[in-house]
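**Student:** Here it is: the structure, laid out below.
Bear in mind that the values in this text are calculations on the coordinates, not laboratory data. Bear in mind that the values here come from a model prediction, so they are computed numbers and not experimental data. Backbone-built Cβ (ideal geometry, glycine too); neighbour counts: all protein chains shown.
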Amino acid sequence: MNSTPFSSLPLPPAMLSNLEQLGYRDMTEVQAQSLPLLLEGHDLIAQAKTGSGKTAAFGIGILHKLNPTLFAVQALVLCPTRELADQVSNELRRLARFADNIKVLTLCGGAPMRPQIASLEHGAHIVVGTPGRIRDHIGRNTIDLARVQTLVLDEADRMVDMGFYEEIAGIVSACPARRQTLLFSATYPDDIRKASAEFLRQPAEVKVEAQH
Ligand code: ADP
Ligand code: MG
């Protein structure tokens, strides 16, 4: 198997040395296929199984574009469950260590609203959350998505299976039309095809076959 190091990507040295410190030297297959497209600004639909390193794929894409001096929500990541949202937030915080002031906020259902509203008033660069709760914040006008430049639908097939399609559609329409949208899914059923057509613009497609 060929391996491609992260250092072959046009990333700033500080990001590359942080990846090295995390023990990430070579890209996984989904990273190697998607990152060149992602860094060029394409919308992307990527199909790959669990454990293939999808979080770093979109995380590096988000962080590469992020302006740490602009204290506004510049990336929104939707996940099916609180557990997955926490995992994604933790990975994003590790990937963001090359800068010391990038704030990642997790907003999930089942947690009280008021502290979340206080955190949003305080500000964040990246919000990770579940569709129901993000939709709630939009409805109450407690989240400002006007500066979102990257929208990620992580584990999109699971979110659709859980009945979140309409919430996702509402959230997408609260984001700027000019944005990069990335959809990650382990499977590619009709609902995901529909979501891709509705929410993404001329997406590049990446598919990583299961490895044995
Ligand atoms: P997925 O979202 O595809 O299920 P994750 O993003 O959760 O996968 O990554 C799975 C594991 O692989 C994590 O523990 C992560 O730290 C690790 N990982 C991701 N990319 C790399 C890499 N390039 N090199 C080494 N480990 C990696
Ligand atoms: Mg994942």
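**Student:** Report whether or not ASP136 is in contact (Cβ under 8 Å) with a residue 12 or more places away in the chain and either in contact with a Phe, Trp or Tyr (Cβ under 9 Å, 6 or more places away or on another chain) or not aliphatic (A, V, I, L, M) (or both).
**Tutor:** Yes; evaluated as a whole, the condition is true for this residue.
**Student:** May I pose another question? Can you name the strands (runs of 3 or more DSSP E) wholly within region 94-212 that have at least 3 residues being surrounded by 16 or more Cβ atoms within 10 Å (Cβ to Cβ) and small (Gly, Ala, Ser)?
**Tutor:** Here the list is empty.
**Student:** Among ALA118, ALA111, ALA99, which is the only one that is over 22 Å from LEU44 (Cβ atoms), out of contact with any Ser or Thr (no Cβ under 7 Å at 6 or more places or on another chain), touching a residue at least 60 places away in the same chain (Cβ under 8 Å) and away from ligand 2 (no atom under 15 Å from the Cβ)? Talk me through it step by step, then tell me what you get.
**Tutor:** On the way: ALA118 fails: touching a residue at least 60 places away in the same chain (Cβ under 8 Å); ALA111 fails: touching a residue at least 60 places away in the same chain (Cβ under 8 Å).
Every option except ALA99 fails the conditions.
**Student:** Please determine, by comparing only the residues of region 61-84 that are surrounded by fewer than 23 Cβ atoms within 10 Å (Cβ to Cβ), in a helix (DSSP H, G or I) and touching a residue at least 40 places away in the same chain (Cβ under 8 Å), which one is farthest from the chain's Cα centre (by Cα).
**Tutor:** ARG82
**Student:** Report, by residue number, each residue of region 161-192 that is within 16 Å of ligand 2 (Cβ to nearest atom), of a type in the set (A, V, I, L, M) and either in contact with a strand residue (DSSP E or B) (Cβ under 6 Å, 6 or more places away or on another chain) or under 15 Å from GLY129 (Cα atoms) (or both).
**Tutor:** MET162, LEU182, LEU183, ILE192
**Student:** Out of region 17-42, which residues are under 22 Å from ASN67 (Cα atoms), out of contact with any strand residue (DSSP E or B) (no Cβ under 7 Å at 6 or more places or on another chain) and surrounded by 19 or more Cβ atoms within 10 Å (Cβ to Cβ)?
**Tutor:** Result: ASN18, LEU19, LEU35.
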